[in-house]
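Report on the following structure.
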Amino acid sequence: MTLPADRRIAVVTGASSGIGAATARHLAQAGYHVVAAARRADRLEELATEIGGTAAATDVTSEDSVAALADLVAELSPRGLDVLVNNAGGAFGATPVAQADSDQWRRMYDVNVIGLMQVTRALLPQLIATGAGTIVNVGSTAGRIAYEGGAGYTAAKHGTQVVTETLRLELWDQPVRVMEIAPGMVRTDEFALVRFEGDREKAEAVYAGVAEPLVADDVADAITFMVTRPPHVNFDEVVIRPRAQAAQHKVHRQA
Ligand code: 8X3
C-alpha cells in the first residue's frame, strides 16, 4: 500500500504498550498515518486497526528487523518520513553496582542506546527527504541524575540523552529537528513490572501514595504538542514530571 502524497507519516517504536501505544494513538488523532513498531505483533495489529495505521513487528536491537521497518516505510511513503519517535526502551533490574547483573546492563544499553541508534540510522535518509523531519527520543529523568540501584538504567538513559545531543549537532545543516522528552514518574502497565521481573509488590511500591503520577497519555500529549509545532521550532529537551515529584528523591506520598 502507498499512502496519498499529502498524508503525513510517523513511526513510533515500543508501540505495543505504555507511552509508545499512547503516542501512536495521539499522533493518529493529530492526523498522522502511524507505523506502530514493536516486537509483540498481536498487540500491534489491534492498535493498528484501532487507529487506522500500520503494524510493523520490529526488534530495534536487530539490524535486519530495522532494515525491514525502513523498507516498509519506503513502500508506504516514497516521499519520506515526517516523524520518528524512538520510544522503545526500558529498565531491567534495580540492583546496586556491587550486585549488578552484566546481562541486564547489556540489554539496557542494547535497547535504550543501540536500538535507538539503529532505527535512527536506518530512517534518517527518509526523514531528510521530506524536507522537515522530526525525531523525538524518549529519554528519562534517569538520564539527568543518579539514584541508588539505578546505575544500569541511568547510564543507558544518559546515553539516550547524549546521543540525542550529538545527533542535533551532526544534523545542524539538515532539515531534521532532534528532540528529547525526559519523563519522570509515569505509571504505565509495564515499566516497573518489567524492571522488577514481574514482582507486583515492588512495582506498586514505586507509585505508593502518589495521588497522581503521570500516565502515558500525559507524555503522549506533550510529544504530540512538540511535533506539531512549526518545523523551525525545536524543543531540545523537555523534562516532564508529576507535580508530586519535585525531584527524583523528593516525592510527595500520602499515607
Ligand atoms: C523512568 C524514571 O525514576 O524510574 O524512566 O528512573 S525512573
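Numerical summary
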item: Arg229 vs. criteria surrounded by fewer than 16 Cβ atoms within 10 Å (Cβ to Cβ), of a type outside the set (Ser, Thr, Tyr), without any contact (Cβ under 8 Å) to a residue 12 or more places away in the chain and in a loop (DSSP other than H, G, I, E, B); result: yes
item: Count of residues meeting criterion [within 11 Å of the ligand (Cβ to nearest atom), part of a loop (DSSP other than H, G, I, E, B) and not polar (S, T, N, Q)] in region 177-192; result: 2
item: Yes/no for Val176 being at pLDDT below 95, over 15 Å from Asn87 (Cβ atoms) and in contact with a helix residue (DSSP H, G or I) (Cβ under 7 Å, 6 or more places away or on another chain); result: no
item: Yes/no for Arg168 being crowded, with 18+ Cβ neighbours inside 10 Å and away from the ligand (no atom under 12 Å from the Cβ); result: yes
item: Subset tally (residues that are assigned to a helix (DSSP H, G or I) and either surrounded by fewer than 14 Cβ atoms within 10 Å (Cβ to Cβ) or among the small types (Gly, Ala, Ser) (or both)) for region 193-224; result: 8
item: Number of the condition not met by Gln174 [criteria: (1) over 14 Å from the mean Cα position of the chain (by Cα); (2) on the phi < 0 side of the Ramachandran plot; (3) within 15 Å of the ligand (Cβ to nearest atom)]; result: (3)
item: Unique residue being within 16 Å of the ligand (Cβ to nearest atom) and touching a residue at least 24 places away in the same chain (Cβ under 8 Å) when the list is Ala203, Ala208; result: Ala208
item: Checklist (1) within 30 Å of Asp103 (Cβ to Cβ); (2) away from the ligand (no atom under 16 Å from the Cβ); (3) hydroxyl-bearing (Ser, Thr, Tyr); (4) in contact (Cβ under 8 Å) with a residue 24 or more places away in the chain applied to Thr224, failing item; result: (1)
item: Residues satisfying the stated conditions in region 129-159, i.e. away from the ligand (no atom under 16 Å from the Cβ) and either of a type outside the set (Ser, Thr, Tyr) or buried (at least 20 other Cβ atoms within 10 Å of the Cβ) (or both); result: Ala129, Gly131, Ala132, Gly133, Thr134, Ile135
item: Residue check for Val162: more than 22 Å from Pro231 (Cα to Cα), free of Cβ contacts under 8 Å to residues at least 40 places away in the same chain and more than 12 Å from the ligand (Cβ to nearest atom); result: yes
item: Test result for Val111, modelled with pLDDT of 95 or more, closer than 17 Å to Pro231 by Cβ and within 16 Å of the ligand (Cβ to nearest atom); result: no
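The values are calculated or read from the model by the stated rules, or taken from the named source; none is laboratory data. Quantities reported herein were computed from a predicted structural model and do not represent experimental measurements. When we count neighbours, we look across all protein chains shown, and the Cβ atoms used for this are built from the backbone with ideal geometry, even at glycine.
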